[in-house]
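Below you'll find the structure, written out as structure tokens, and then a few comments.
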Amino acid sequence: MHKVSDLKVLYFGTPVVLISSRNPDGGANLAPMSSAWWLGQSCMLGLGNSAQTTANLRRERECVLNLAPSSLVDAVDRLAMTTGAPVVPRRKAEMGYRYEPRKFAAAGLTEQPSDLVAPPRVLECPIQLECEVVAAHPFGDHGATATAFHVTVRRAHVHEELVIPGTHYVDPIAWDPLIMKFCEFFGDARNVRSSRLAAGWRMPHDLRAPAEVS
């Protein structure tokens, strides 16, 4: 039976993205987030206005979306309570956030030069998307709390082990994204059943699903 509930957070779970951007001094910032969705070559990113990443995207108009696999959960968690903003907002400070100017080093991750944008890629992430900011839209109560960034993917880098041989498709069994659901981490590459939509689109997936019940 359903019940009416005033949920404190509507955060049902999306893949964790490590966004790399460029700080005013030219150094690299790296921030985990999990409020992103894609359609075609476009992506929408939801970021709080107090984040250094938000300021960087507004100024530089470039970023790299590094999709984190579940195996990088420790590195992502090391960044969770850090900010690239020299002046830590009061609310974040009260939560325990601290200023960290060397995000890659703090996470134990490696900078990798990008091809088309200034921010570096994360070497350890098997999927890296170089992006250009197209537009920024106020988001949240009275537009004062967050920004929805519309970015376009200019170049995608995918580790060869994730690509189905002879195609340009990512193998959904091989790709195990780190998922954040209600501020907790999850990762599970288990396929629960085949998809009628995937069949309709003739996706070349070699799924190993359990027997289906009709």
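Put a plus charge on the Cβ of each Lys and Arg, a minus charge on the Cβ of each Asp and Glu, and nothing anywhere else: the dipole of the chain about its Cα centre is then about 560 debye. Note that the range 176-186 has calculated 3J(HN,Hα) couplings of 10, x, 6, 10, 10, 10, 6, 6, 10, 8, 9 Hz, one per residue in order, obtained from phi through the Karplus relation 6.51 cos²θ - 1.76 cosθ + 1.60 (θ = phi - 60°); glycine and proline are x.
Positive end of the dipole of the range 96-163 (Cβ unit charges, origin at the Cα centre): among Val122, His159, Tyr97, the Cα lying farthest that way belongs to Tyr97. Among the protein heavy atoms of the chain, carbon and sulfur supply 55% of the accessible surface, probe 1.4 Å, non-protein parts ignored. Listed by chain and number, the aspartates and glutamates whose C-alpha is less than 19 Å from the C-alpha of Lys103, apart from same-chain residues fewer than 8 away, are Asp25, Glu60, Glu62, Asp74, Asp77, Glu111, Glu124, Glu130. Think of the range 1-106 as a dipole: +1 on every Lys or Arg Cβ, -1 on every Asp or Glu Cβ, centred on the Cα centre; then among Ala51, Val76, Cys63, Ala51 lies furthest on the positive end. Take the Cα of Asn49, step 7 Å toward its Cβ, do the same at Glu94, and the gap between the two points is 1.8 nm. Taking all protein chains as they are arranged and a probe of 1.4 Å, the heavy atoms of His137 leave approximately 90 Å² accessible to solvent. Accessible surface for the chain, divided over its residues, is 61 Å² per residue with a 1.4 Å probe.
Across every direction, the projection of the convex hull enclosing the Cα atoms of the range 39-106 has a mean area of 5.7 nm². For Lys8, a cut-off of 17 angstrom between C-alpha atoms picks up these aspartates and glutamates, skipping any fewer than 8 places away in its own chain: Asp141, Glu184. Bridge orientation summary for the range 50-155: considering DSSP beta bridges with both residues in this region, about 90 percent are antiparallel. Under a straight-distance cross-link criterion of Cα-Cα below 24 Å, which lysines are reachable from Lys3, leaving out those fewer than 8 residues away in the same chain? Excluding near neighbours in sequence, the set is Lys181. The range 60-74 and the range 3-26 have their alpha-carbon centroids 12 Å apart. Can you tally the net charge around Arg59? Count Lys and Arg as +1, Asp and Glu as -1, for every other residue whose Cβ sits under 15 Å from the Cβ of Arg59. Net local charge, Arg59 excluded: -1. For Ile164, project a label point 7 Å along Cα to C-beta. Then give me every residue of the range 110-141 with its amide nitrogen under 19 Å of that point. Within reach of a label on Ile164: 127.
Report the antiparallel proportion of the DSSP beta bridges in the chain as a percent, rounded to a multiple of 5. Bridges in the chain are about 95 percent antiparallel. Between the range 155-201 and the range 76-95, the alpha-carbon centres lie 31 Å apart.
The values are calculated or read from the model by the stated rules, or taken from the named source; none is laboratory data. Please read these numbers as outputs of a predicted model, since none were measured by experiment. For neighbour counting, all protein chains shown are included, and Cβ atoms are generated from backbone atoms with ideal geometry for every residue, glycine included. We work out accessible area using only protein heavy atoms, side chains counted, and drop any ligands, DNA or RNA first. Shrake-Rupley method; radii C 1.70, N 1.55, O 1.52, S 1.80 Å.
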